[in-house]
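What follows is one structure encoded as structure tokens, with my remarks underneath.
The values are calculated or read from the model by the stated rules, or taken from the named source; none is laboratory data. In this text, all values refer to a predicted model and were calculated from it rather than measured experimentally. Cβ placement follows ideal geometry from the backbone for every residue including glycine, while neighbour counts extend to all protein chains displayed.
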Amino acid sequence: MKTLISGGTVVNSEGEYQADVLVDGARIVSVGLDLPRDGAEPVDASGAYVIPGGIDVHTHFQMPFGGTVSCETFETGTKAAAVGGTTMVVDFALQAPGDSLMKTYSDWRTMADGHVVVDYGLHLAVTDLSDATLAEIPLLVDEGVASLKLFMAYKGSIMVDDATLLRTLRKGKECGALVCVHAENGDVIDVLVNEHLAAGKTAPKYHLTTRPLEAEAEATRRAIMLAEIADAPIYIVHVSCTRALDEIRSAKDRGQSVYGETCTQYLALSTDAFDVPGFESAKFICSPPLRDKSNWPGLWAGIRTGDLSTVASDHAAFNFAGQKEMGLVEGFHKVPNGCPGVEHRLLILHTRGVVGGEIDMPKLVDVCSAAPARLFGLYPQKGVIAPGSDADLVVFDPSVDAVISAATQTQNVDYTPYEGMRVKGAVRKALSKGEVVVSDGSWVGKAGAGRYVKGTPFVA
């Protein structure tokens, strides 16, 4: 089946221009002015941008964490992603203690295959390293898992020590696996949490003071130094503050291969969210925590300069009722960490970034689609509008006024941290591999139509 998207402004990371896009089957076959229809199904993009489908490289669907499991399934999560203009996610397969890495990979494939509605890839989160699991990393790369994640936080559960991080960085360098790091000093956080609890400080707001930005900055610097020792590239996930960003910038200035990711919540929400009575602010508990809004200008500057390469959602959805409320009795430390946002990433970046004058549309496409594709071995199959690339496309109308609300979202969670936020823009159409899956903001695709896409080995 052919589709002709005409009348719109095509935007790639390099620039924007007027052009039509002709799709044949699952691929883009031509991009240019006044392309002949030749029997193709027409899609009117007048007054709209035509952009590569978003790639969210930081999601947590069906993730076991803190005594519960995130409530977003691979089916509901990828559907919400598509409605929000994201046509591929890269999710984190989390190794359970004692499990092999290949078993973890297989378990996540079983959860996702046949359920995802758009394409997906996987990172592997290493939590229990041994000589045997270290030897599995090249096998994972052969399976298209070309990125690993390690946690420097969550002491007593998934946190790893510096030796594990160093060994993994070396093995990743050897076989082409990019190591991604959650950089917070878990030992410091553990001390602060215990001190707060002993003093009776159990309210959600104390999540902020037990995870200070210094703990993030220190861990970011330490992770970067370990990568320098290993002579390996490193990707720092969910950078929340300028202090951590400064460490990334300094390393890049020294010529080190360091990549930074921030998330929409750190660009649009702040500690002000905790200025509500009762337990309601538990909805905003994520890690690293929300920071003072004085960090916003520096993070936007980091996006403009490329010191922050990508913007993800870190979508980790836990219902307020019954899940976030796990902290009602004992305190904030029992609240599952994470916020939903895979559906709203494009809208918030367009509103706060493009309409707000922080970035232009090519930069939005870069951090949402092109750079994620390049870093995680998906480019040019994904992340660009060009002949031969997958026809993952979004027709985005920048003129529409909307309000984010849990009542109208597709995400399978009982709240949104962006409740009541006014945004500019709407997804008029989204195509996944040439098939229209979203029309006028509503899901119209097929269940289970997504597929696993292998990432190629990382090359700095």
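Name the residue that is farthest from D292 (Cα to Cα), counting only residues in the range 203-232 that are surrounded by fewer than 17 Cβ atoms within 10 Å (Cβ to Cβ) and β-branched (V, I, T). The selected residue is I229.
Among the residues making up the range 329-384, a single one is aromatic (F, W, Y), in a loop (DSSP other than H, G, I, E, B) and touching a helix residue (DSSP H, G or I) at 6+ places or on another chain (Cβ under 6 Å): Y379. For the range 408-455, the set of residues classified as buried (at least 20 other Cβ atoms within 10 Å of the Cβ), of a type in the set (S, T, Y) and over 30 Å from S270 (Cβ atoms) consists of S432 only. Pick from the range 378-396 the residues that are buried (at least 24 other Cβ atoms within 10 Å of the Cβ) and closer than 15 Å to K454 by Cα: which of them is farthest from the chain's Cα centre (by Cα)? My answer is D390.
V335 meets the conditions (1) more than 23 Å from I404 (Cβ to Cβ); (2) crowded, with 24+ Cβ neighbours inside 10 Å; (3) among the aliphatic types (A, V, I, L, M) in every case but one. The failed one is (1).
When T3 is tested against (1) polar (S, T, N, Q); (2) surrounded by fewer than 24 Cβ atoms within 10 Å (Cβ to Cβ); (3) closer than 20 Å to L124 by Cα; (4) touching a residue at least 60 places away in the same chain (Cβ under 8 Å), only condition (3) is not met.
If we scan the range 126-133, do we find a residue that is polar (S, T, N, Q) and either assigned to a strand (DSSP E or B) or at pLDDT below 95 (or both)? Scanning the range 126-133, I find no residue that is polar (S, T, N, Q) and either assigned to a strand (DSSP E or B) or at pLDDT below 95 (or both), so the answer is no. Total residues in the range 411-448 satisfying the condition of being within 15 Å of A80 (Cβ to Cβ) and assigned to a loop (DSSP other than H, G, I, E, B): the figure is 12. Do we find that R428 is of a type in the set (K, R) and farther than 13 Å from G53 by Cα in this structure? It is false that R428 is of a type in the set (K, R) and farther than 13 Å from G53 by Cα.
From the list Y259, Y206, Y235, the lone residue that is of a type outside the set (D, E) and more than 23 Å from the chain's Cα centre (by Cα) is Y206. Residues that are touching a residue at least 40 places away in the same chain (Cβ under 8 Å) and β-branched (V, I, T) were ranked within the range 151-196; the one that is nearest to L129 (Cα to Cα) is T168. A search for C-beta distances below 9 Å between a residue of the range 292-309 that is closer than 19 Å to T209 by Cα and any residue that is β-branched (V, I, T), counting only pairs 6+ apart in sequence or on different chains, returns D292/T271; K293/T271; S294/T242; N295/T242.
Quick check: anything in the range 48-57 small (G, A, S) and more than 19 Å from L347 (Cα to Cα)? Checked against the condition, which is being small (G, A, S) and more than 19 Å from L347 (Cα to Cα), the range 48-57 yields no hits at all. Checking each residue in the range 380-422 for being of a type in the set (V, I, T), within 30 Å of D24 (Cα to Cα) and touching a Pro at 6+ places or on another chain (Cβ under 6 Å) picks out V384, I385. All conditions but one from (1) surrounded by fewer than 24 Cβ atoms within 10 Å (Cβ to Cβ); (2) more than 23 Å from T76 (Cβ to Cβ) apply to P288; the one that does not is (1). Criterion applied to D99, D38, D20 was being charged (D, E, K, R) and under 28 Å from Y235 (Cα atoms), and the one residue passing it is D99. Residues that are in contact with a strand residue (DSSP E or B) (Cβ under 7 Å, 6 or more places away or on another chain) and free of Cβ contacts under 8 Å to residues at least 24 places away in the same chain number at least 2 in the following strands (runs of 3 or more DSSP E) confined to the range 18-105: 20-24.
For K324, the conditions (1) buried (at least 24 other Cβ atoms within 10 Å of the Cβ); (2) under 23 Å from G450 (Cα atoms); (3) without any contact (Cβ under 8 Å) to a residue 60 or more places away in the chain all hold with the exception of (2).
The selection criterion, being crowded, with 24+ Cβ neighbours inside 10 Å and out of contact with any Asp or Glu (no Cβ under 9 Å at 6 or more places or on another chain), does not hold for E143. I need the full set of residues from the range 161-179 which are surrounded by fewer than 24 Cβ atoms within 10 Å (Cβ to Cβ), of a type outside the set (D, E) and outside any helix (DSSP H, G or I), in order please. Correct list: G176 only. Considering the range 134-151, and only residues there that are of a type in the set (A, V, I, L, M, F, W, C) and in a strand (DSSP E or B), the residue that is nearest to R451 (Cα to Cα) turns out to be L148.
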